[in-house]
Amino acid sequence: WARRALAARGMSEAVTWSFMPEAQAKLFGGAPPELTLANPISSDLDVMRPSILPNLVMACRRNTDRGFADLALFEGGPQYAGATAEAQHRMITGVRAGQAVNRNPYTPARDVDCFDAKADALAALSAAGVPVEKLQVVAESAPWYHPGRSGCLQLGPKNLLARFGEVHPGVLAKMDVDGPVAAFEVYLDNLPKPKAKKGSTRKLVELPAFHPVGRDFAFVVDEAISASAVIAAAMSADKTLIRDVNVFDVFAGGNLGDGKKSLAVSVTLQPTDQTLTDAEIEAVSSNIVAAVEKATGGTLRS
């Protein structure tokens, strides 16, 4: 299902070697000595791959050299952290290179970026049955990613499901690859087990009879507070009425002071039984402000 989801997003499936040059492996975490091949098929394919990503990046380079600059490739398969069966990990890894949007009369051209890779990772995880609305976005990633344009998707504080971001310019330079290149890595072995289905009948879709209500809030929080923490706090204020929370603006500087930033969120309320009154909307709004203040220490921006 994840393969189908990525193909539907315009990505082409690739099949690359399970080994690579040791010099490239070092750029992506390195290969332990037991992954060195005693009798490689070629002198420059001398270690088992610790990551699928270098092979896909080099596939981009080969295509670019032949005049195909805008690329979207993915591969599903194993990568190796050691010589044992437990050290073999199932992955779905993908890259995008060149422009995400070409020049056209309606929108300006745009290079691929970390958000393209994040969207690909979320699409693969969603297709695999992961509750993506519960994922945490952590602003930390591997050293082969750009430190300010990458992140991780986790389910809980420790269960890493995916990495995404723009490949570090220094890594691309050492591989003689022109950037930008955005990439993602989904760790299939870490995905939660799907719940057993009792039958094949799909759940009835119940469309709400009442219009949703939108409210915007801007919170002043410490710079260290993540957007996902604010979203989770706002969602917890009323799990029955609050359907969605999205960040639409981030601001720092001005009269906010050092170490502070403003996060503006849009909250969608979906009534199910009756149209919400002004008093009910105000009560939910107060609960949202209180929940964010308690969880993050943030205050409503005046």
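The criterion of being out of contact with any Lys or Arg (no Cβ under 9 Å at 6 or more places or on another chain) and in contact (Cβ under 8 Å) with a residue 24 or more places away in the chain holds for L45.
Pairing residues of the range 264-290 that are free of Cβ contacts under 8 Å to residues at least 60 places away in the same chain with residues that are polar (S, T, N, Q) and open to solvent by 50 Å² or more (accessible area, probe 1.4 Å), at Cβ distances under 7 Å and at least 6 apart in sequence or on separate chains, gives V265/N246; S266/N246.
Considered as a group, the residues in the range 104-154 that are closer than 17 Å to P169 by Cβ and assigned to a loop (DSSP other than H, G, I, E, B) include one that is most open to solvent (accessible area, probe 1.4 Å), and that residue is P143. Among the residues of the range 287-302, the one identified as under 21 Å from V213 (Cα atoms), assigned to a helix (DSSP H, G or I) and open to solvent by 70 Å² or more (accessible area, probe 1.4 Å) is N287.
G257 passes every criterion in (1) farther than 19 Å from V132 by Cα; (2) without any contact (Cβ under 8 Å) to a residue 24 or more places away in the chain; (3) open to solvent by less than 30 Å² (accessible area, probe 1.4 Å) apart from (3).
Go over the candidates V177, V167 one by one and state the one that is surrounded by 24 or more Cβ atoms within 10 Å (Cβ to Cβ), under 20 Å from L56 (Cα atoms), out of contact with any Asp or Glu (no Cβ under 6 Å at 6 or more places or on another chain) and at pLDDT 90 or above. Walk me through it before giving the result.
Values: V177 fails: surrounded by 24 or more Cβ atoms within 10 Å (Cβ to Cβ).
Being surrounded by 24 or more Cβ atoms within 10 Å (Cβ to Cβ), under 20 Å from L56 (Cα atoms), out of contact with any Asp or Glu (no Cβ under 6 Å at 6 or more places or on another chain) and at pLDDT 90 or above holds for just one of V177, V167, which is V167.
Is there a residue in the range 66-80 that is of a type in the set (F, W, Y) and either open to solvent by 40 Å² or more (accessible area, probe 1.4 Å) or assigned to a loop (DSSP other than H, G, I, E, B) (or both)? So far as the range 66-80 goes, yes, one or more of its residues are of a type in the set (F, W, Y) and either open to solvent by 40 Å² or more (accessible area, probe 1.4 Å) or assigned to a loop (DSSP other than H, G, I, E, B) (or both).
Could you tell me whether any residue of the range 16-26 is touching a helix residue (DSSP H, G or I) at 6+ places or on another chain (Cβ under 7 Å) and surrounded by fewer than 16 Cβ atoms within 10 Å (Cβ to Cβ)? Scanning the range 16-26, I find at least one residue that is touching a helix residue (DSSP H, G or I) at 6+ places or on another chain (Cβ under 7 Å) and surrounded by fewer than 16 Cβ atoms within 10 Å (Cβ to Cβ), so the answer is yes.
Please state which one of T240, T268 is assigned to a loop (DSSP other than H, G, I, E, B) and over 22 Å from Q154 (Cβ atoms).
Exactly one of T240, T268 is assigned to a loop (DSSP other than H, G, I, E, B) and over 22 Å from Q154 (Cβ atoms), namely T240.
The values are calculated or read from the model by the stated rules, or taken from the named source; none is laboratory data. As the structure is a computational prediction, the values presented were derived from the model and not from experiment. Methodologically, a virtual Cβ is constructed for each residue, glycine included, from the backbone with ideal geometry; neighbour enumeration extends over all protein chains shown. Side chains are part of the model used for accessible areas, which takes the heavy atoms of the whole protein and leaves out ligands, DNA and RNA. Shrake-Rupley method; radii C 1.70, N 1.55, O 1.52, S 1.80 Å.
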